[in-house]
Structures are given as C-alpha cells and as structure tokens.
1. Determine whether Gly424 is surrounded by 21 or more Cβ atoms within 10 Å (Cβ to Cβ), at pLDDT 95 or above and in a strand (DSSP E or B).
2. Going through the range 70-79 one residue at a time, which ones are more than 24 Å from the chain's Cα centre (by Cα) and outside any loop (DSSP other than H, G, I, E, B)?
3. May I ask you to say which residue of Asp172, Asp152 is in contact with a strand residue (DSSP E or B) (Cβ under 7 Å, 6 or more places away or on another chain), of a type outside the set (Phe, Trp, Tyr) and surrounded by fewer than 21 Cβ atoms within 10 Å (Cβ to Cβ)?
4. Report the residue count in the range 43-69 for those that are within 21 Å of Asn181 (Cβ to Cβ) and under 22 Å from the mean Cα position of the chain (by Cα).
5. How many of the residues making up the range 186-206 are β-branched (Val, Ile, Thr) and in a loop (DSSP other than H, G, I, E, B)?
6. Checking the conditions here, which among Ala183, Ala243 is surrounded by 24 or more Cβ atoms within 10 Å (Cβ to Cβ) and assigned to a strand (DSSP E or B)?
7. If we scan the range 272-289, do we find a residue that is hydroxyl-bearing (Ser, Thr, Tyr), modelled with pLDDT of 95 or more, within 16 Å of ligand 1 (Cβ to nearest atom) and farther than 21 Å from Phe245 by Cβ?
8. Can you pull out the residues in the range 249-295 that are outside any loop (DSSP other than H, G, I, E, B) and among the small types (Gly, Ala, Ser)?
Amino acid sequence: MFPKASLLSLALLAIGALGQQVGTQQAESHPKFSWSKCAAGGSCTTQQASVVLDSNWRWLHSTKDLTNCYTGNTWDSTLCPDDTTCAQNCALDGADYSGTYGITTSGNALTLKFVTQSQQKNIGSRVYLMDTSDAKYQTFNLLNQEFTFDVDMSNLPCGLNGALYFVSMDADGGMAKSTNNKAGAKYGTGYCDTQCPHDLKFINGQANVEGWQPSSTDPNAGSGTFGTCCNEMDIWEANMNGAAFTPHVCRGTSGGQTKCSGTDCGDSPDHRYDGLCDKDGCDFNSFRMGDTSFLGPGKTVNTNSKITVVTQFLTSNNSTSGTLSEIRRVYVQNGQVIQNSKTNIAGMDSFDSVTDAFCNAQKTAFGDTNSFEDRGGLAAMGQAFAKGMVLVMSLWDDHEAGMLWLDSNYPLDKSPSTPGVARGTCDSASGDPQTVESQHASASVVFSNVKVGPIGSTFGH
Ligand SMILES: *[C@@H]1O[C@H](CO)[C@@H](O)[C@H](O)[C@H]1NC(C)=O
Ligand SMILES: *[C@@H]1O[C@H](CO)[C@@H](O)[C@H](O)[C@H]1NC(C)=O
C-alpha cells in the first residue's frame, strides 16, 4: 500500500483496561469470526475464531484512575514524560466493538463501518484474526496455497480503502520481545507494515511519545520518532472503483517486526527508497495495467454486488518448500469464474499475474523505482510467509494522498496519459478525508467466507 495513514484513537470518557499495561473498565470480548480450512478436493472444515481491534484505536488511560494518557492527538505530559514511563503508567482498555467502532460479525462475515458516532466520533478500524484458542494471532503460510474470500464493496465509494492483507507481526503481539508489553495480541498490539508507520502509540513495549507531532489534518493521529516495519502482502486494497493486490518486502528485518528510526524508516520523499522496506510494492491494479473496463460498478467484475476473490501463491516446484514464483488472481461472481485482466501497456508483454518478470517490466514501463526487486522480490515475500503472517482487515481513509494512488490519477503533477498515472475513475478531489468523512460517513465494507487450502480447493466446488 501507499501512505497507509492514520488510525484514530479515541479519547473515551468511559470506563476500564491495560497501557501497554491492561485496564479493566471494559471487558475485552473479541467478536466471533469463523473461516474455513480446505483440503485438496474441496472439503472444508470450519475454524471458530475471532477478531481483535488494533491497540491504537483503544482508550488509553492511567493505570491508577481514568485520566486519559492520550486525548485527540496529544499525550498527557504528566503520565507520559518519556517513552518508558508512559508505557508503565498507561493501560489499554477493552473495546465496545459495535457501539464505539462500528465493527460487527455474524458467522463468517465481518462488517467494518466507516464513521461511528457515539460519545466520540470514530473513523475506520483495523482488526486481526485471532487463532482458535483466542490467545494469539492466527498465522498463515500461503506458499503453494490459495486464499479466498468474499467482499461486498457496494457501499464503499472513492477515497476509501477496504483492505484485507497480511503482515509479519509477532503472533503474540510482541509480548515475548518486550517485557513492558503486558497487553499483547488480546489487545491488538504489535502492528507493523512496509510503510513503517510512525502513528503507533506503542512500539516494542515503549510509548512513541518522544518527538510526537500531532497531525495537522487528522484530529486523532500524530507521528512519533519511531516507526514499525515489516513485510506486507496486500491481497486486497479496494473500493467500488478500483482494486489492487500488491506484495511488499523489507530487508534487514530478519523477516519480522522491526522498530525503525531515521533513514531506515524511509521517511520523506527524499529517503522513500532508502528505508528498510519497499513502500511502493509491485501492484497489480487492472485499471492501471490498461484494462479500464474490468472492475467497477457494472463492469466485468461488478462491484455493485458481492465478489469472490481468489489469490494463489504458486512456488517454483509446486511444493510448500518451494520459492514463491507467481501470485495469481481469479474472481468468481454469480457462479462464473472470471480470469484476471491482462496487462495492456505499451512496451510491456501481456501479464495476468504478479511475477518478478511482471514487476520488472511494470517498473520499467512506468519509470518507477524498483524497490521491490531491490529487496528480494517474490522470493522474499515467500520467505515472509514461511515464517507465518497475520491476517489484517481494515477500513481507512488517507490523510496523505487521498487514496488517489488506488482509484484516481497519481501523482497529480504528471499527465494522466503518462503510463502508470491513471489508476481509476475517481475524481482527484474525491479522497479528501474531510469530504469522505462528512459525505460518506455511513460507508462500510463486508469481508466474509475466508477459505484457505491447496491450489484449487477453495472455489468452484
Ligand atoms: C506445477 O504445476 C503446474 C500446474 O499443474 C505445472 O504446469 C508445472 O509443470 C508444475 N511444475 C513443476 C516444477 O512441477
Ligand atoms: C522445492 O524447492 C525447494 C527449494 O529449492 C527445495 O528445498 C525442496 O526440497 C523442493 N521440494 C520438493 C518437494 O521438490
């Protein structure tokens, strides 16, 4: 993904939990969410699991009373004079998933609402799949496997991103690594991705308060000195007007979550390509790759109704131990299997999947820096899966770039006719957070029917 911005954190008035300690005002009860493990031939078994809200959205208050440690986008200077003291003084509390955050589940379906107005106003959310014992995050190795889910984006307009993806978070939320982190996966700690985000309030058991700058546009977010990096496989970043799937990899992170500072985070346009991680990724967006009639309202893949999205992770020798060599995409809608679109870009061969050859040809054709192959390309993405990756589902708007990199023209200082600039039909003003939050507050996305299994086992049966 591109600029993956900002989570909102709430200043709640209410009641109980743990900081990176744990508070007790509101019991933490994860919404139930089931998914299926399939076997060759297509028989599937249901896994009864749950989802957990990321820690950044939670009420953070004093371990001694209900004083907020963080309100709006600023920290309490008494409770949080420095990173260590703050982690000891502050507790993360349980979440009212539906009432405060607009997160609901039913069977194998998860609905994320965009704006939820209760005592506070919440914008978007990010959840992780827990394992069936509800103790840690579920981890996945998709080498030589297929990952399938249904998505309903009919209520998800321009400027929003309903995302389903994998990151190399620690399964325990980083508890074992950091003795100050008493909250762990149960409270949604330990997030990381290839943008090496700085908006996390805690990283590795320390607060991120030193050097914190409140956002100038987002009343609920800011950025601290440190970022948190790791590999990321975006299976789905989309709204009804555009979709992309995008592997991103990092170097120097030993495959796992890594705290960064300075150049390693790849901050500022000047150092975007000097950081540990590949922020651009190698994206397959059908519109950007030259088929403007493939996905959207009324198009071949019709986003006015539910879509089944199949993603296959093929390896060099058709075995789990092989090297990741190709990421294939198939859609199913109304019982019909729809093959992915083919690239139609001057100077590029025809591709319908992500391979290293596709990435190299695309970066050359578009004149983009090839930071994906510089950091190991698909083989590195496969190594990340071999170590286990965590499933993330989120809904967000974009304070950095209005999601234009997904559904409009980007960057705006280049002609839309320059290859690679046009990515979707959305207007260049459509993704302004103020606009989407006021005009599309009731937007939502539904993810359901997650299935994982050997190639060919999860659809068409
Ligand atoms: C892997 O499977 C594909 C599809 O069945 C086949 O075309 C290919 O030859 C196989 N590759 C190897 C190395 O066995
Ligand atoms: C697949 O390839 C990997 C890496 O080259 C190798 O270690 C493994 O033994 C191979 N597996 C099979 C079943 O051929």
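The values are calculated or read from the model by the stated rules, or taken from the named source; none is laboratory data. These numbers come from a predicted model, not from an experiment. Using ideal geometry, Cβ is built from the backbone for each residue, glycine included, and neighbour counts are taken over all protein chains shown.
1. Numbers: surrounded by 21 or more Cβ atoms within 10 Å (Cβ to Cβ): yes; at pLDDT 95 or above: yes; in a strand (DSSP E or B): no.
When the stated conditions are applied, Gly424 does not pass them.
2. Taking the range 70-79 and keeping what is more than 24 Å from the chain's Cα centre (by Cα), we get 71, 74-79.
If the condition is that a residue be more than 24 Å from the chain's Cα centre (by Cα) and outside any loop (DSSP other than H, G, I, E, B), then Thr71, Thr74, Trp75 are the ones that fit.
3. Working: Asp172 fails: in contact with a strand residue (DSSP E or B) (Cβ under 7 Å, 6 or more places away or on another chain).
Among Asp172, Asp152, only Asp152 is in contact with a strand residue (DSSP E or B) (Cβ under 7 Å, 6 or more places away or on another chain), of a type outside the set (Phe, Trp, Tyr) and surrounded by fewer than 21 Cβ atoms within 10 Å (Cβ to Cβ).
4. Qualifying residue count, the range 43-69: 10.
5. Here is the first cut: in the range 186-206, the residues β-branched (Val, Ile, Thr) are 189, 194, 203.
If we keep only those that are in a loop (DSSP other than H, G, I, E, B) as well, we get 189, 194.
So the answer is 2.
6. Working: Ala183 fails: assigned to a strand (DSSP E or B).
None of the others qualify; the one that does is Ala243.
7. If we filter the range 272-289 for residues that are hydroxyl-bearing (Ser, Thr, Tyr), which is where we start, we get 273, 286.
Filter again for modelled with pLDDT of 95 or more, leaving 273, 286.
Subset that is within 16 Å of ligand 1 (Cβ to nearest atom): none.
No, that holds for no residue.
8. Within the range 249-295, the first condition is being outside any loop (DSSP other than H, G, I, E, B), and the residues that meet it are 250, 258-260, 262-265, 268-271, 277, 284, 295.
Hits for the range 249-295 are Gly262, Ser268.
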